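**Q** Please see the structure below; I have some questions.
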Amino acid sequence: MIVCDVGPRDGLQNEAKTLEPAVRAELCDRLAAAGVKRIEAASFVNPTLVPQMAGAEEVMAALHRRPSTVYAGLVLNEKGYDRALAAGVDEVHYAFSAGDEFGRRNQNATTEQGLKTALSLVAKARADRMPITVTISVAFGSPFDGPTPPEHVLRLVEKLMAIPPDEVCLADTIGVGVPSQVHELVRGARELGAQVGAHFHNTRNTGYANAVAAIEEGAAALDASVGGAGGCPFAPNATGNIATEDLVYLLRGLGVETGIDLDALIATSRWLGAKLGKELPGMLARAGDYPYKKQPA
């Protein structure tokens, strides 16, 4: 199971305190040292709209890169894609909205416009031999458009498969989904031929149950944010992502290998909380690990 830590991007983009690029690069270094194999290191978006993400190129330049770690950059348009490539990302993450109003507020694009950009960027990434993940945000529900019908999301996945991205990530941006919806969407997307990832927020305390449902349906990757930091500046009351350390604890208990050092991850969570001057919502960094003993077969 690939765990992608989105803390340096999604985790920090809604925080009141803005961390300097050097500190965000150190966060990436700490996550990589803990064994995280995929990190969303930076966001190549307009810094006037998301000032917490300013200096994406500086973040990438300051990394102490590990050959076993993939450093991804989030983009929302072709300009961001070009910036990300020039900055040396290993992988591009593009997101568009399943709801028109959320898309307009988040990236000034309707769903159809976002889909058109997705297909264009995937074609461009193929030509550049650049791995690309396409995320469908508010795939379970939008604060402005209401509940998102699963058939609508699966139609978007079907259209994406015209020029298949390396991965399609289904995002519960505001944390409204429940496991039955996750089963339906992940199963449906895989039946359409997609390699599926999932991105859950724990706003209504369903994020970890949703992660288990995604695993049961064969999701290849799960997003999480160290400490459970995060939220969307364009979504009212959207609290943090599921916490990476809590997810890794859960996965370990389920016998799912991640290759991540849980002690190092907990230490990183506490370090980030100190940098932000607050206690982060993740539970494991507060409670501590529990001696793990593999159950006999």
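The values are calculated or read from the model by the stated rules, or taken from the named source; none is laboratory data. Bear in mind the structure is a predicted one, so any value in this text is a computation, not a measurement. Note: ideal-geometry Cβ built from the backbone for every residue, glycine included; neighbour counts use all protein chains shown. Remember, those area values only see protein heavy atoms, side chains included, never the ligands or the DNA or RNA. Shrake-Rupley method; radii C 1.70, N 1.55, O 1.52, S 1.80 Å.
**Q** Could you list all residues from the stretch 11-35 that are outside any loop (DSSP other than H, G, I, E, B) and of a type in the set (A, V, I, L, M)?
**A** Our first condition is that a residue be outside any loop (DSSP other than H, G, I, E, B); within the stretch 11-35, this holds for 11, 21-33.
Passing the criteria: 22, 23, 25, 27, 31, 32, 33.
**Q** (1) closer than 17 Å to residue 68 by Cβ; (2) buried (at least 23 other Cβ atoms within 10 Å of the Cβ): which one isn't true of residue 33, the others all being true?
**A** Here residue 33 meets the rest and fails (2).
**Q** Out of the residues in the stretch 36-49 meeting the condition of being open to solvent by less than 10 Å² (accessible area, probe 1.4 Å) and part of a loop (DSSP other than H, G, I, E, B), tell me which one is nearest to residue 69 (Cα to Cα). Full working, then the answer.
**A** Keep residues of the stretch 36-49 that are open to solvent by less than 10 Å² (accessible area, probe 1.4 Å), which gives 36, 39-44.
Pick out the ones that are also part of a loop (DSSP other than H, G, I, E, B) and you get 36, 44.
Values: 36: 7, 44: 19 Å.
Taking the candidates together, the pick is 36.
**Q** Look at residue 12 and say whether it is within 17 Å of the chain's Cα centre (by Cα), crowded, with 24+ Cβ neighbours inside 10 Å and farther than 26 Å from residue 124 by Cβ. Working first, answer last.
**A** Values: within 17 Å of the chain's Cα centre (by Cα): yes; crowded, with 24+ Cβ neighbours inside 10 Å: yes; farther than 26 Å from residue 124 by Cβ: yes.
In short, yes.
**Q** Here's another thing I want to ask about it. Where residues in the stretch 128-153 are farther than 29 Å from residue 83 by Cβ and part of a strand (DSSP E or B), which of them is nearest to the chain's Cα centre (by Cα)?
**A** Top of the filtered list is 141.
**Q** Here's another thing I want to ask about it. For residue 211, state whether it is part of a strand (DSSP E or B), aliphatic (A, V, I, L, M) and within 13 Å of the chain's Cα centre (by Cα).
**A** On the way: part of a strand (DSSP E or B): no; aliphatic (A, V, I, L, M): yes; within 13 Å of the chain's Cα centre (by Cα): yes.
No: the conditions fail for residue 211.
**Q** Further question: Within the stretch 130-152, identify whether any single residue is touching a Leu at 6+ places or on another chain (Cβ under 6 Å) and farther than 30 Å from residue 27 by Cβ, and answer yes or no.
**A** Yes.
**Q** If you take the residues in the stretch 61-116 that are in contact (Cβ under 8 Å) with a residue 24 or more places away in the chain and of a type in the set (S, T, N, Q), which one is surrounded by the fewest Cβ atoms within 10 Å (Cβ to Cβ)?
**A** 68
**Q** For residue 227, are the conditions met, namely being at pLDDT 95 or above, out of contact with any Lys or Arg (no Cβ under 6 Å at 6 or more places or on another chain) and buried (at least 24 other Cβ atoms within 10 Å of the Cβ)? Lay out the reasoning, then the answer.
**A** Values: at pLDDT 95 or above: yes; out of contact with any Lys or Arg (no Cβ under 6 Å at 6 or more places or on another chain): yes; buried (at least 24 other Cβ atoms within 10 Å of the Cβ): yes.
Answer is yes for this residue.
**Q** Please enumerate the residues belonging to the stretch 41-82 that are under 13 Å from residue 6 (Cα atoms) and in contact with an Asp or Glu (Cβ under 7 Å, 6 or more places away or on another chain).
**A** Of the stretch 41-82, the ones under 13 Å from residue 6 (Cα atoms) are 41-43, 53, 70-74.
Correct list: 70, 71, 72, 74.
**Q** Further question: Where residues in the stretch 187-208 are within 16 Å of the chain's Cα centre (by Cα) and free of Cβ contacts under 8 Å to residues at least 60 places away in the same chain, which of them is most open to solvent (accessible area, probe 1.4 Å)?
**A** Of everything passing the filter in the stretch 187-208, 195 is most open to solvent (accessible area, probe 1.4 Å).
**Q** Sticking with this one: From the list 103, 188, 114, 175, pick out the single residue that is in a loop (DSSP other than H, G, I, E, B) and in contact with a helix residue (DSSP H, G or I) (Cβ under 7 Å, 6 or more places away or on another chain). Spell out how you get there, then give the answer.
**A** Values: 103 fails: in a loop (DSSP other than H, G, I, E, B); 188 fails: in a loop (DSSP other than H, G, I, E, B); 114 fails: in a loop (DSSP other than H, G, I, E, B).
Answer to the check: 175.
**Q** Next question. Taking only the stretch 151-190 into account, find how many residues are at pLDDT below 95 and of a type in the set (S, T, N, Q).
**A** Number of matching residues: 1.
**Q** Looking at the stretch 252-269, which of its residues are surrounded by 13 or more Cβ atoms within 10 Å (Cβ to Cβ) and in a helix (DSSP H, G or I)?
**A** If the condition is that a residue be surrounded by 13 or more Cβ atoms within 10 Å (Cβ to Cβ) and in a helix (DSSP H, G or I), then 252, 262, 264, 265, 266, 267, 268, 269 are the ones that fit.
**Q** Within the stretch 166-177, can one find any residue that is among the aliphatic types (A, V, I, L, M), in contact with a Pro (Cβ under 9 Å, 6 or more places away or on another chain) and within 16 Å of residue 95 (Cβ to Cβ)? Give the derivation first.
**A** Applying the first criterion (among the aliphatic types (A, V, I, L, M)) to the stretch 166-177 yields 168, 170-171, 174, 176.
Then keep just the ones that are in contact with a Pro (Cβ under 9 Å, 6 or more places away or on another chain); that gives 174, 176.
Right, trim to within 16 Å of residue 95 (Cβ to Cβ) and you get 174.
Among the residues of the stretch 166-177, at least one is among the aliphatic types (A, V, I, L, M), in contact with a Pro (Cβ under 9 Å, 6 or more places away or on another chain) and within 16 Å of residue 95 (Cβ to Cβ), which makes the answer yes.
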